[in-house]
Amino acid sequence: MKSAVIGENESERVALLKRYQILDTESEDDFNEIVQLASKICETPISLISLVDSDRQWFKAKVGLSVPQTARDVSFCAHALSQDAIMVVPDTSKDDRFFDNPLVTGDPHVGFYAGMPLKTESGLVLGTLCVIDHKPRNLNETQLLALNILGKQVIKLLELKMKLIQVKESEAALKNSEDQINSIFQNTIDAVVVMNEEGVITQWNQMAEVVFGWTSEEIVGKKLRDTIIPVRFRENHDHGVNTRQTDPLPPEQCDPLRTPFQKLVIRA
C-alpha cells in the first residue's frame, strides 16, 4: 500500500479546512442529497463527501457506509488532493497504490473508486465527492459529468457557509466596536450631545446628565434648540441645521459609519 504524498501547501490546506468550521458538524440535508444523487446516477452502493484532515478523512455526508471517518493513511481521497480532475481507479486490486489497502482487502471491500476533488476558489483541495463500488467497473461520460457538477455544488455549499461565517464575524466585530465606542461615549469627562440632521437629540451621555440636569430618558427625542440652546442663539442654530439639510457634508467629513450628525461638547 502506498500512502498519498503530502503536498507542500498541506499546512495551508488544513488551516483552510478548519476555517470552514465544517468538521464534526451534524448531518445536513443539502449535503446528504448530493451523495444520494451521486450514488443513484453513478449506480454505486457507496457515495461520500470526504474531507481530508491532517490525520483522518471525515465524512460530511455518506451513503452505504456507517463509519464517520477513517485514518488518512488508508484514504483513497487523500490521493485525489493533488488532482485537478476526477481520479478514477477502475480496479483497486490491480493498482499498486491500493491492492493491499485494508479498505480493499477488508470492509468495505473497495473494488472501484472515483473521486471529484473539492477545489476551493483559492485552488486548495479540501477532499472529494466520491463514489465507490465493491467490484471493478468504470463510469460513463454522463456519470463523470454528473459527478463533476455535483462536486462543484458541494464547493458552492461550503463557500456559502464560509460567507455566513464571515458575516457573523463581521457582525461580532462591529458589535464589539460599537460597545467600545459607547463605553468611551459614556465615560468621557466631557458632556457629549449627539443630534441628527433635524436637530433632534439622539444621544446624551452621563456627563451631559450631570451638566444639564436632564437624564437621557428625559431628553432623547427632543430638539436641541428647545432644550439647551439659549433663546438668543436659536436663530443661528436653526440656520446651521437647515444648511446641513440642504448642503450636507461630504462623506469623508462625516462619522465613520457615514451617518451625519453634529456634536456639542461642553467641558464640565
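Observations on the model:
- Student exercise, region 132-183 dipole from Lys, Arg, Asp, Glu Cβ charges, in Debye to nearest 20: 320
- Extent along the principal axes, Cα only, for the chain: 97, 34, 31 Å, with the longest axis given first.
- Percent RCO, i.e. relative contact order, over the chain, from Cα pairs under 8 Å lying at least 6 residues apart: 14
- Cα-based shape type of region 1-124, given that a ≥ b ≥ c are square roots of the gyration tensor eigenvalues and the cut on a/c is 1.5: oblate
- Contact order relative to length of region 154-226, as percent, for alpha carbon pairs under 8 angstrom and 6 or more apart: 21
- Size of electric dipole in the chain: Cβ of Lys, Arg +1 and of Asp, Glu -1, about Cα centre, debye, nearest 20: 140
- With helices as the sole contributors, the chain gives -12000 deg cm²/dmol at 222 nm; each DSSP H run of n ≥ 4 counts as -39500 (n - 2.57), and the sum is divided by every residue.
- Modelled label reach - residue 210, point 7 Å along Cα→Cβ, region 182-199 residues with backbone N closer than 14 Å: 185-192
- Using bins of 10 Å that start at zero, the share of Cα-Cα pairs per bin across region 79-170 amounts to 16, 39, 28, 12, 4, 0, in whole %.
- Net charge dipole, region 42-199: roughly 620 debye, given to the nearest 20, about the Cα centre with Cβ charges of +1 for Lys and Arg and -1 for Asp and Glu.
- Dipole-positive endmost among 61, 102, 112 within region 50-116 (Cβ charges, Cα centre): 61
- When 5, 211, 241 are sorted by how many other C-beta atoms sit within 10 angstrom of their C-beta, beginning with the fewest, the order is 5, 211, 241.
- Calculated FRET efficiency for the pair residue 84/residue 177, C-beta based, R₀ 45 Å, to 0.05: 0.60
- If the chain linking residue 161 and residue 232 were pulled fully straight, counting 0.36 nm for each residue of separation and taking away their Cα-Cα distance, it would gain 19.7 nm.
- Spatially, region 64-102 and region 115-189 are offset by 23 Å when compared through their Cα centroids.
- Under 15 Å, Cβ to Cβ, from residue 176 - net charge with Lys/Arg +1 and Asp/Glu -1: -2
Every read-out reported here was derived from the displayed coordinates using simple, explicitly stated rules and does not represent laboratory data. Bear in mind the structure is a predicted one, so any value in this text is a computation, not a measurement. Neighbour counts run over all protein chains shown; Cβ positions are idealised from the backbone, glycine included.
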